[in-house]
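Visitor: Got a structure for you, written out below as structure tokens; questions coming shortly.
The values are calculated or read from the model by the stated rules, or taken from the named source; none is laboratory data. Computed from a prediction, not measured in an experiment: that's the story for all the values here. Virtual Cβ from ideal backbone geometry, glycine too; neighbours counted across all protein chains shown.
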Amino acid sequence: MNTKKILILDTTLREGEQASGICFSIHEKLELIKQLQKFGVPHIEIGHPGISESELALCKTICASVSGVDLLVHARACEQDVLAAIDTKAQWVGIWASYNDISLATKFNNKSRAWIKDQVYAAILLAKKNGLKVRFTIEDASRTEPHLIAELGMIAVQAGADRMSLADTVGMWHPRDCFKAVQHAIAQFNCEIEVHLHNDLGLAQANAIAAIDAGASVIDTSILGIGERAGICDLFSISATLEQFYHQAYHWQASQNLVQLIQRVGGFKCEPHHPIVGRHVFTHTSKYHIKAALNNPKAYESLNPERYGAVRKNILNTLERGAQQRFHNTLHVKKPFVKGASELLYHRDGVGARWVLMDDRIDERSSVYIIERIFDKDYQHEYSPHVDKHAHHCDSVFAFMGNHPDGTGLTVSVTFGIGDEESTEVFSSPASVFIPAHVIHSYQYVQGTGRFLNFVLSPNYNQSLVDTPQAE
């Protein structure tokens with residue numbers, strides 16, 4: 001067991017916003033920081049205050065609101081950016097510059113290397129004089145000659161940089177090359193070595209382990225690895241690896257909160273097979289595997305799901321190899337059918353006819369489940385609730401339409417949450433309610449006539465359910 005202490009620096013709030021379609025509000029950033037702290041992340045990069053007045057104001061608010069964790073702001077090697085960083089009152093500034101030929105030609109308008117060195121030295125000196133700790137990053141280090149890394153790095157060290165970061169900005173390092181680059185940096189610079197590793201070839205984590213074994217002590221991560229293009233090192237995969245091989249520990253009870261939060265605010269879904277936190281990664285389906293795992297889970301597990309806040313599942317694969325041609329775009333016209341709601345977990349049949357409009361029984365290619373309940377008369381005097389609180393692993397939608405021409409005529413109530421966080425609203429049709437994944441919910445008919453539709457982004461309703469919604 002390697003007992004070397006490795007520091008995780010999570011950069012979801014900065015690098016994560018470079019992923020397509022993601023921009024966090026101040027409230028979302030604060031909640032992400034709160035959950036990252038609970039998980040055990042000691043160092044968080046929060047943004048780039050020099051790019052705009054609004055970004056500066058956001059970073060200042062975060063620095064004034066957060067304690068108990070080191071905050072770092074991003075800055076180019078220029079006076080304007082460093083002054084903005086100083087204004088935030090963050091503990092750290094991450095100053096960066098690139099130094100290879102392609103960078104000089106494309107990012108610095110063919111400025112000389114002497115000019116870049118002067119900028120870097122002045123920027124770091126200004127930050128240090130104003131009490132900031134400095135991480136200096138050599139951008140695109142993986143495509144920069146070792147002697148150029150040494151040349152620019154020594155300028156940063158002489159100016160007072162506390163930590164040197166090597167960035168594989170385009171994700172092209174082989175682990176052996178990453179190992180050598182970190183080894184050289186360790187030998188040349190009398191400071192901590194950090195790595196920022198992109199995942200374009202799927203090698204970010206392999207490079208992180210190579211960097212650690214070469215002597216790096218700080219690894220940049222993001223939640224689920226989100227970031228520019230293919231992203232960077234995944235917080236959860238790296239954390240589990242550090243626990244397994246480097247004698248470190250994290251608070252895994254916070255991991256699913258982070259997963260659900262980043263999915264909601266980022267507008268994307270965690271793959272079910274994502275290492276450590278995917279919902280199928282502790283599921284056995286092969287009959288042979290299940291039999292062995294029931295005797296001893298270690299037969300097919302190296303990790304204990306309980307350690308990661310997960311539950312082991314044995315779900316026998318009963319699918320039969322048939323003549324399905326699910327990859328075809330052929331038009332298949334199918335027939336909906338009437339079915340009582342008691343086929344669903346947390347449901348009873350109740351009043352009104354219930355139609356199954358689409359699921360994997362109607363068309364095996366389906367990725368959605370749609371039902372319609374028809375209230376053809378006013379049931380208020382004979383209605384009793386038939387839907388218990390439940391939650392799905394995926395998003396879903398309620399839609400309510402009354403029988404009047406304008407969609408009015410149906411009154412219902414929808415409940416979100418449980419316990420102290422429960423809220424219920426009674427409203428009239430027409431109305432639609434979006435239900436994010438993992439949100440506990442239920443609905444009740446109140447009065448009137450009309451239709452209720454439920455869209456669930458899963459082909460099988462029962463398989464979409466969170467196992468114990470009351471506990472989540």
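Visitor: Among the residues of segment 49-101, write down those that are β-branched (Val, Ile, Thr) and in contact with a Lys or Arg (Cβ under 7 Å, 6 or more places away or on another chain).
Guide: Answer for segment 49-101, where residues must be β-branched (Val, Ile, Thr) and in contact with a Lys or Arg (Cβ under 7 Å, 6 or more places away or on another chain): ILE62, THR88.
Visitor: When the residues of segment 225-238 are narrowed to those that are in a helix (DSSP H, G or I) and in contact with a Gly (Cβ under 8 Å, 6 or more places away or on another chain), which ends up surrounded by the fewest Cβ atoms within 10 Å (Cβ to Cβ)?
Guide: SER237
Visitor: Here are GLU306, GLU271: which of them is surrounded by fewer than 19 Cβ atoms within 10 Å (Cβ to Cβ), acidic (Asp, Glu), more than 20 Å from ALA437 (Cβ to Cβ) and out of contact with any helix residue (DSSP H, G or I) (no Cβ under 6 Å at 6 or more places or on another chain)? Lay out the reasoning, then the answer.
Guide: On the way: GLU271 fails: more than 20 Å from ALA437 (Cβ to Cβ).
On inspection, the qualifying residue turns out to be GLU306.
Visitor: Identify all residues within segment 246-269 that are among the aromatic types (Phe, Trp, Tyr) and at pLDDT below 95; write none if there are none. Let's see the steps before the verdict.
Guide: First, the residues of segment 246-269 that are among the aromatic types (Phe, Trp, Tyr): 246, 250, 252, 268.
Passing the criteria: TYR246, PHE268.
Visitor: Please enumerate the residues belonging to segment 98-119 that are crowded, with 17+ Cβ neighbours inside 10 Å and among the polar types (S, T, N, Q).
Guide: SER98, ASN100, SER103, GLN119
Visitor: Would you mind telling me which numbered condition in (1) buried (at least 18 other Cβ atoms within 10 Å of the Cβ); (2) of a type outside the set (Lys, Arg); (3) outside any strand (DSSP E or B) GLN244 fails?
Guide: (1)
Visitor: Here is a follow-up. Output the residue which, of all residues in segment 71-97 that are of a type in the set (D, E, K, R) and surrounded by fewer than 16 Cβ atoms within 10 Å (Cβ to Cβ), is farthest from the chain's Cα centre (by Cα).
Guide: GLU79
Visitor: Can you confirm whether segment 292-303 contains a residue that is assigned to a loop (DSSP other than H, G, I, E, B), surrounded by 13 or more Cβ atoms within 10 Å (Cβ to Cβ) and of a type in the set (Asp, Glu)? I'd like the intermediate steps shown before the answer.
Guide: Restricting attention to segment 292-303, the residues satisfying the condition of being assigned to a loop (DSSP other than H, G, I, E, B) are 296, 300-303.
Then keep just the ones that are surrounded by 13 or more Cβ atoms within 10 Å (Cβ to Cβ); that gives 300-301, 303.
Among the residues that remain, those that are also of a type in the set (Asp, Glu) are: 301.
Scanning segment 292-303 turns up at least one residue that is assigned to a loop (DSSP other than H, G, I, E, B), surrounded by 13 or more Cβ atoms within 10 Å (Cβ to Cβ) and of a type in the set (Asp, Glu).
Visitor: Take segment 1-57 and flag every residue that is among the small types (Gly, Ala, Ser), closer than 30 Å to ASP213 by Cα and more than 15 Å from the chain's Cα centre (by Cα).
Guide: Of everything in segment 1-57, those that are among the small types (Gly, Ala, Ser), closer than 30 Å to ASP213 by Cα and more than 15 Å from the chain's Cα centre (by Cα) turn out to be GLY40, GLY47.
Visitor: Let me ask something else about it. Among the residues of segment 247-278, which ones are farther than 22 Å from ALA19 by Cβ and either outside any helix (DSSP H, G or I) or within 15 Å of the chain's Cα centre (by Cα) (or both)?
Guide: Residues satisfying the conditions are HIS247, GLN248, ALA249, TYR250, HIS251, TRP252.
Visitor: Also: Find the strands (runs of 3 or more DSSP E) located wholly in segment 49-143 whose residues include 1 or more that are hydrophobic (A, V, I, L, M, F, W, C) and in contact with a Ser or Thr (Cβ under 6 Å, 6 or more places away or on another chain), and list them.
Guide: Here the list reads 70-76, 92-98.
Visitor: Quick one: LEU319 ticks every box in (1) part of a loop (DSSP other than H, G, I, E, B); (2) modelled with pLDDT of 90 or more; (3) outside the structural domain of HIS381 (by TED's automatic domain parsing); (4) of a type outside the set (Asp, Glu) except a single one, so which number is it?
Guide: The number of the failed condition is (2).
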